[in-house]
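Here is the structure we will look at.
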Amino acid sequence: MRGDYQQLVDEISAALGAPATLEDRDFALIAFGAHDSDGDLDLVMDPVRTRSILQRRSTAAVRAWFEAFGISRAQAPLRIPPDPAAGVFHGRICLPVRHRGVVHGYA
């Protein structure tokens, strides 16, 4: 089943022309899209994305920061602004993944 999630994330990344991740509601990494870049990856990948991929989860502080924007209650894609102090150098679009009204994760 994980292969299905990886394929879905790859398709989302291709459609958006941007990297995407899929995490469960505890912010454990399920799948991530490639981060294609012609430039220096240190300049385009922020610490939050790097840590999420390398450690396969985000910290409690990162989770709280994203949840402060109301992602668990959002009914539509939610734009999260960049905040370099939080390690988020690039804005995000977050979409809660729901089944029967229950949030199971975030894309």
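The values are calculated or read from the model by the stated rules, or taken from the named source; none is laboratory data. Since the structure is predicted, the reported quantities are computational estimates derived from the model, not experimental observations. To get the accessible areas, we keep the full protein, side chains included, count just its heavy atoms, and leave off ligands, DNA and RNA. Shrake-Rupley method; radii C 1.70, N 1.55, O 1.52, S 1.80 Å.
All told, S58 meets the bar of being within 22 Å of D10 (Cα to Cα), modelled with pLDDT of 90 or more and either open to solvent by less than 50 Å² (accessible area, probe 1.4 Å) or not small (G, A, S) (or both).
In a residue-by-residue description of region 23-38, the property of being open to solvent by less than 50 Å² (accessible area, probe 1.4 Å), modelled with pLDDT under 90 and of a type outside the set (S, T, Y) applies to at least one position.
Go through the residues of region 72-84 one by one and say whether even a single one is open to solvent by less than 80 Å² (accessible area, probe 1.4 Å), at pLDDT below 90, under 13 Å from the mean Cα position of the chain (by Cα) and not charged (D, E, K, R). So far as region 72-84 goes, no, none of its residues is open to solvent by less than 80 Å² (accessible area, probe 1.4 Å), at pLDDT below 90, under 13 Å from the mean Cα position of the chain (by Cα) and not charged (D, E, K, R).
Filtering region 68-107 to residues that are within 19 Å of I53 (Cα to Cα) and in a loop (DSSP other than H, G, I, E, B) leaves P82, G87, F89, H90, G91, L95, A107.
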